[in-house]
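The values are calculated or read from the model by the stated rules, or taken from the named source; none is laboratory data. On a predicted model such as this, the values are computed, not experimentally measured, just so you know. Every residue, glycine among them, receives a Cβ derived from its backbone with ideal geometry; neighbour counts consider all protein chains shown. Note: areas computed on protein heavy atoms with side chains; ligands, DNA, RNA excluded. Shrake-Rupley method; radii C 1.70, N 1.55, O 1.52, S 1.80 Å.
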Amino acid sequence: MAEYTLHEDPRSGNCYKIKLTAALVGVPLALRQYDIMAGETRTAEFLEQVNPNGRIPVLQVDDRFLPESNAACWYLAEGSALVPETRFERADMLRWMFFEQYSHEPNIATLRFWLHFVGEDKLTEQQDAQIMAKRIAGCEALALMDAHLAARDWFVGESVTIADIALYAYTHVAGDGGFKLDEYPAIRAWLARVEALPDYIPMA
C-alpha cells in the first residue's frame, strides 16, 4: 500500500481539504509542516525536492509528488463514494472544483490570508487596492453557492462529493476575511451537513 505524506501549513484551507478528503475515505496521512509566513516553501531544498512552484499543499505518494489541492483530493477520492459514478455528475463535480479555484478561492481565501494573518495595516498598496474587488467577487461566489444549495443538500447529486469538500474548506472560515455567512442560510445549512459527516475532522 502506498505511503502518503502531505506537505502543508495547517492554516491553509487548501491543505485542509486534502486532510478532510483523506479522513472521509480512510486514508492515513503523514504530515510535514511548513510555515509559509516564514518562507519555508521558498527554500532551495523545497524547490528542488518538493515543488519547484514553491507552493503547498503537495501530496507525496511514496517518492512522487502531486501539487495542487484539488488534484490531490481527486487522487485520494477516486474509486470512493466521494466521486460520482455517472459521467455527467463527475464532470459537474469538476465544474464546481474549477469554480472553487477560479471564482471562490482567489477572493475568499486571499482576503482571509491578508486580513487574518498578514494584517490590513501591513498590506502593500497594490493589495489594499484589491480588497473591494475581491470582497465583491467573493460575495458573488457565495451568493451563487447559496442559490444553488437552496433546493439541494449537496453541490452534485444526492450525496457529498469532493466538490463539497473543496468548497467547504475556505467557505467555513470565510468570516476570517470579513464575509458574513449569516447572509447565506443555505450555505450555513450545508456547512452543518458537512460537519455532521462520519469521520469529519475540523481544521487545525
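Consider the stretch 128-150 and keep the residues that are of a type in the set (D, E, K, R) and surrounded by fewer than 16 Cβ atoms within 10 Å (Cβ to Cβ). The one that is nearest to HIS172 (Cα to Cα) is GLU140. For the stretch 140-163, a residue qualifies if it is within 21 Å of TRP114 (Cβ to Cβ) and either under 17 Å from the mean Cα position of the chain (by Cα) or of a type in the set (A, V, I, L, M) (or both), and the qualifying residues are ALA141, LEU142. Residues satisfying the criterion are present in the stretch 182-189 (criterion: within 18 Å of the chain's Cα centre (by Cα), modelled with pLDDT of 95 or more and part of a helix (DSSP H, G or I)).
Selection of helices (runs of 4 or more DSSP H) fully inside the stretch 1-86 by the criterion of at least 2 residues being buried (at least 19 other Cβ atoms within 10 Å of the Cβ) returns 13-25, 69-77. Filtering the stretch 1-53 to residues that are in contact (Cβ under 8 Å) with a residue 40 or more places away in the chain and of a type in the set (Lys, Arg) leaves ARG11, LYS17, LYS19.
Checking each residue in the stretch 114-163 for being in contact (Cβ under 8 Å) with a residue 40 or more places away in the chain and of a type in the set (Phe, Trp, Tyr) picks out TRP114, PHE117, PHE155. For the stretch 164-171, the criterion of being under 13 Å from the mean Cα position of the chain (by Cα) and among the charged types (D, E, K, R) is met by at least one residue. Whenever a residue of the stretch 54-67 is farther than 19 Å from SER12 by Cβ, its partners that are at pLDDT 95 or above and surrounded by fewer than 18 Cβ atoms within 10 Å (Cβ to Cβ), lying with C-beta atoms within less than 6 angstrom and at least six residues away or across chains, give the pairs ASP62/GLU3.
For the stretch 112-127, a residue qualifies if it is open to solvent by less than 50 Å² (accessible area, probe 1.4 Å) and out of contact with any helix residue (DSSP H, G or I) (no Cβ under 9 Å at 6 or more places or on another chain), and exactly one does: GLY119. If we scan the stretch 97-112, do we find a residue that is among the hydroxyl-bearing types (Ser, Thr, Tyr) and farther than 16 Å from TYR168 by Cα? Within the stretch 97-112, none of the residues are among the hydroxyl-bearing types (Ser, Thr, Tyr) and farther than 16 Å from TYR168 by Cα. HIS104 fulfils the conditions (1) open to solvent by less than 20 Å² (accessible area, probe 1.4 Å); (2) in a loop (DSSP other than H, G, I, E, B); (3) touching a Phe, Trp or Tyr at 6+ places or on another chain (Cβ under 9 Å) except for a single criterion, (2).
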